[in-house]
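I have placed the structure first, in the form of C-alpha cells, so that the comments after it can refer back to it.
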Amino acid sequence: MMERTDRHYRYFMRQLTGRTLLYTEMVVCAALLHGDRDRLLGFDALEHPIALQLGGDDPATLAACARIAADWGYDEVNLNVGCPSDRVRDGQFGACLMAQPERVAACVAAMREAVSIPVTVKHRIGIDDRDAYEDMADFVRIVAAAGCDRFSVHARKAWLQGLSPKENRQVPPLRYGDVYRLKAEFPHLAIEINGGITTLEGARTCLGQGVDAVMIGRAAYDRPYLFSAVDQEWFGEPTPPRSRHGAVEAMYPYVEAWLMKGGRLNQIARHLLNLFTDCPGSRAWKRHITERATQPGAGVEVLQEALALVPPLP
Ligand SMILES: Cc1cc2nc3c(=O)[nH]c(=O)nc-3n(C[C@H](O)[C@H](O)[C@H](O)COP(=O)(O)O)c2cc1C
C-alpha cells in the first residue's frame, strides 16, 4: 500500500509475524528503471517472504523490472491491475488494464520468461460497465494461460471515472461470491481474496469458502497486532505471539541503526502509531510519538518514553 507498506512498516510487521507474505508499495517501472533503486527496493533480510509490486503495462519493461526484483532477492513479483487512480490510469496501467487481458497476459508471459520467482497479479472483480463475473473469468483465463502463479482479487469493481481511489475502496459493494465462484470454476489456480477483511475470523470464513489465501490491506495497517497470532494459529509455529511491548522493544536496534545511517526516527515511528489501538494508553502513546518523533535529534528514547505511558497488557 502506497505510503504505508514501506521497508520500516514491513520490518515492524516482522516483529509480529514471520510467515505472512508482505508486499511493497507499488513501484512504477519507469521509477525503478531510472530512479534511486536503493530507496525503491532496499529491504532487510528479515522481511522475507516479500513480494515487489510493480505498476506498468509494457511487457519488455516489466520483464526488465522483474529481473531487477529477482536480482535484489525478492520472493515474488506482483503486477498491479487494481489501482484506479488518475495518475495510474493516465499511464495506462493499474485497474484500466482489466479491459486488456491479452496485454496483461503478454506482461505476465514476459515476466515469467525473465525470472523463476512467482509472478502474480492483483486485480479487481471488474471495472466500469465491464463488471460481469464472466468478464473477470475471461480475464483470469487469459492471464492464467500466460503463467500467472496467483490471482489476488480485490472483491470490488472500480469506477475509473468519478470516484477517488479512496471511494473506490469503499463505495462499490464487496462481491465475495464472485471470488468464491472463480475459485470453484478454476480450482487449479491459486486465488487470494482481498477487500474488507478486518479480523482473523473473517479471514477464516473466506478460506472456508475454498479460496487459497487472504490478503488484508487497511486492517494490517490500522490494527497491526491482528497479525501477532497468525504464525501460531495459521502456520503452526510453536512460538507464542510477542507482546505489543516486546514488539516495540525489538525495534530499538533497528531504529538505532537507521538513525546512524542518517535516517529520521519518524520514518519508522509513524508506522507504530496503531500498535495499541483499542488498548488503554493508546492515545498517550500516539500523542507522545506524534509530538516528539519529528523533532530534530529524536532518538529511540522517544519510543521508550511513549512505551512507559502504556500500561503492560495481558
Ligand atoms: C493508503 C492505501 C494505499 C494502497 N496502495 C496500494 C498499492 O500500492 N497497490 C495495491 O495493489 N493496492 C493498494 N491499496 C489497496 C489495498 O491493497 C487493498 O486492495 C484495498 O485497500 C482493499 O483491501 P482492504 O479492505 O483489506 O484494505 C492501497 C490501499 C490504501 C488504503
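Side notes on the structure shown:
- Dividing the convex hull volume of the alpha-carbon atoms in segment 179-314 by its residue count gives 135 Å³ per residue.
- Listed values for segment 119-126 are Karplus-derived 3J(HN,Hα) couplings in whole Hz (6.51 cos²θ - 1.76 cosθ + 1.60, θ = phi - 60°), namely 10, 10, 10, 10, 9, 9, 7, x, and x replaces Gly and Pro.
- Value of [θ]222 nm, deg cm²/dmol, for the chain, DSSP H segments ≥ 4, -39500 (n - 2.57) each, nearest 500: -12500 deg cm²/dmol
- Around the amide H of V27, modelled in the peptide plane, lie the amide H atoms of Q53, L54, G55, all under 5 Å away and 5 or more residues distant in sequence or on another chain.
- Segment 235-314 and segment 139-196 have their alpha-carbon centroids 35 Å apart.
- Residue of W72, W285, W159 that the Gaussian network model of the chain assigns the largest fluctuation, springs spanning Cα pairs under 10 Å: W72
- Estimated vicinal HN-Hα couplings, Hz - segment 188-196 in sequence order (Karplus 6.51, -1.76, 1.60; Gly, Pro = x): 7, 8, 7, 10, 10, 9, 9, x, x
- Max mean-square fluctuation residue, GNM over the chain, Cα-Cα springs under 10 Å, options P173, P84, P296: P296
- The Cα center of segment 8-25 and the Cα center of segment 31-46 differ in position by 17 Å.
- Extents of segment 244-308, taken as max minus min of Cα coordinates on every principal axis and listed largest first, are 34, 22, 17 Å.
- Amide H within-cut-off set for I197, under 5 Å, with H built and near neighbours excluded: G217
- Both radii were evaluated on the Cα set of segment 1-82; the Rg over Rh quotient, with Rh as the Kirkwood radius, amounts to 0.95.
- Against the rule of thumb 2.2 N^0.38 Å, how large the Cα Rg of the chain comes out: 1.02
- Unit charges at the beta carbon, dipole of the chain: most positive-side option, S228, A184, A137: S228
- The local environment of V248, defined by Cβ-Cβ distances under 12 Å, has a net charge of 0 under the rule Lys, Arg +1 and Asp, Glu -1.
- Backbone amide hydrogens, once placed in the peptide plane, bring A158 within less than 5 Å of G126, I127, D128, excluding anything fewer than 5 places away on its chain.
Every read-out reported here was derived from the displayed coordinates using simple, explicitly stated rules and does not represent laboratory data. Keep in mind that what you see is a predicted model, and the values were worked out from it rather than measured. Glycine also receives a Cβ, built like all others from the backbone with ideal geometry; neighbour counts cover every protein chain displayed.
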